1. Of the residues in segment A:170-223, how many are within 11 Å of chain B (Cβ to nearest Cβ) and outside any helix (DSSP H, G or I)?
2. Is it fair to say residue A:132 is at pLDDT 90 or above and under 13 Å from the mean Cα position of the chain (by Cα)?
3. Does residue B:82 satisfy the condition of being modelled with pLDDT of 95 or more and assigned by TED's automatic domain parsing to the domain that holds residue B:17?
4. Is it the case that residue A:120 is modelled with pLDDT of 90 or more, of a type outside the set (Ser, Thr, Tyr) and in contact with a strand residue (DSSP E or B) (Cβ under 6 Å, 6 or more places away or on another chain)?
5. Can you tell me which residue among A:111, A:47, A:100 is of a type in the set (S, T, N, Q) and more than 17 Å from residue A:147 (Cα to Cα)?
6. For segment B:62-77, give me each residue that is crowded, with 23+ Cβ neighbours inside 10 Å and in contact with a helix residue (DSSP H, G or I) (Cβ under 7 Å, 6 or more places away or on another chain).
7. What's the number of the only condition in (1) under 28 Å from residue B:46 (Cβ atoms); (2) more than 14 Å from chain A (Cβ to nearest Cβ) that residue B:148 fails to meet?
8. Taking the residues in segment A:1-18 that are more than 14 Å from chain B (Cβ to nearest Cβ) and in a loop (DSSP other than H, G, I, E, B) as candidates, determine which candidate is surrounded by the fewest Cβ atoms within 10 Å (Cβ to Cβ).
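The values are calculated or read from the model by the stated rules, or taken from the named source; none is laboratory data. The model shown is predicted, which means the values in this text are computed figures rather than measured ones. Quick reminder, even Gly has a Cβ in these numbers, built from the backbone with ideal geometry, and neighbours come from all protein chains shown.
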2 protein chains.
Amino acid sequence: MSHDNIEFVLVEPSHPGNVGAAARAIGTMGFKNLVLVKPTKHPHPESRARSSGALDILLDARVCDTLEEAIADSSLVIGTTARQRRISVPIDSIHECTQSIFESSLKQKVSIIFGPETSGLSNNDIDRCNRLVYIPTGEIHSSLNLSMAVQVIAYQLNLAFFGLEEGQETRDLASGKEMELFYEHLEDVLLETGFLNPTNPKQLMRRLKALFNRAQLDDNEVNIMRGILTSYQKPRVK
Amino acid sequence: MSHDNIEFVLVEPSHPGNVGAAARAIGTMGFKNLVLVKPTKHPHPESRARSSGALDILLDARVCDTLEEAIADSSLVIGTTARQRRISVPIDSIHECTQSIFESSLKQKVSIIFGPETSGLSNNDIDRCNRLVYIPTGEIHSSLNLSMAVQVIAYQLNLAFFGLEEGQETRDLASGKEMELFYEHLEDVLLETGFLNPTNPKQLMRRLKALFNRAQLDDNEVNIMRGILTSYQKPRVK
């Protein structure tokens, strides 16, 4: 189960209230692994109170002395950061990289790392990340509370995983090769019907490709579309 | 600006910490309108502290005695609730109804209503909603803290609005009527080519409609597709 391979790692969280709220936040989205690196106060009555129904997640939290120890078993380490950061690691908004997180989490551990409340992740911490993500915000107030950031990322991952798991079961997306053969077939037929201008077929083809790429055809749908093209090419029955 | 037409309405919130955290949460996502219906403690030092950088939103919050007063100017009232509720009002997950919220908010006020921490919205409150939404959760821990629910919904709306605003500028989606005419045209041509079985054309047509609905065609693309169909119907050039 992909949810169980995701670890939420809080680096040096200073407010026990945030630790408890983070435990509850990941619990509400079906996750269960909380890791604390050098928490300032832990265990603490305030974190227990704020964890609400998810006390089990708080009590099961793994406590580490260093970030290295926390991520030792992870094949993918994702750092969370504000958007502005100018560094060489690629940075994407969280909803853009749910698919690659999902794919990694099917087989291996993935760590999502959150920095301390006031300073965020240090440059040293960031150097240990394979990838950085940010949460898109408004322009005036852009600083999310730590546990809120955990909640948003857990929500976005859960939502995407749900869709991807469903897709996994029911739709086998067509391969790039299959799509290429379909587009060639389409172009041939549209040249035959006279729809495409033989001296400049590319522009309309580009628009048609954009349309079909957006629809993300599965194998079956490519077969249907090619069946339609073939039915045109057969001798016309009058 | 659509963000400014959204109001986040908290009905009888009992914890001032949640009120402050909700102010910050909506602020981080570019929203600014907070409405409080009979808050138990307001104003309060704890709400000020938790509002962090978004104190302006907290101080500008409109305070009302009744929900009626709070939603008097709204053309669309969305209630937030747990998924299980069995009532006649339609209930969707929040990410499924961002588009209709966005469209309403372009011209009119939209209220998103959150019930008290322990009990949620009463049946009376729900009767005043045009629509109900829920946040998809895990199965074991499914109860989000009030301010966390505000954060997730504000995040999801901001994300969707951003995409829809971009789309607004560049793509004018085809109307239902245009799509219907396209599907009729498609069916006619596929009957002519012999691709569809005249005694049972519906099943394949349903699959083709699902494909094109997923792609969300704009006006221009519908014209291209109909141009293709017309090019088939012309006498064949040998």
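1. Residues that pass the stated criteria total 8.
2. Numbers: at pLDDT 90 or above: yes; under 13 Å from the mean Cα position of the chain (by Cα): yes.
So residue A:132 passes the test.
3. Values: modelled with pLDDT of 95 or more: no; assigned by TED's automatic domain parsing to the domain that holds residue B:17: yes.
So residue B:82 fails the test.
4. Numbers: modelled with pLDDT of 90 or more: yes; of a type outside the set (Ser, Thr, Tyr): yes; in contact with a strand residue (DSSP E or B) (Cβ under 6 Å, 6 or more places away or on another chain): no.
No, not satisfied.
5. Values: A:111 fails: more than 17 Å from residue A:147 (Cα to Cα); A:47 fails: more than 17 Å from residue A:147 (Cα to Cα).
Within the list A:111, A:47, A:100, the selection yields A:100.
6. From segment B:62-77, those crowded, with 23+ Cβ neighbours inside 10 Å are B:67, B:70-71; that's our starting set.
Scanning segment B:62-77 gives a single hit, B:67.
7. Of the numbered conditions (1) under 28 Å from residue B:46 (Cβ atoms); (2) more than 14 Å from chain A (Cβ to nearest Cβ), the odd one out for residue B:148 is (2).
8. For segment A:1-18, the residue satisfying everything is A:14.
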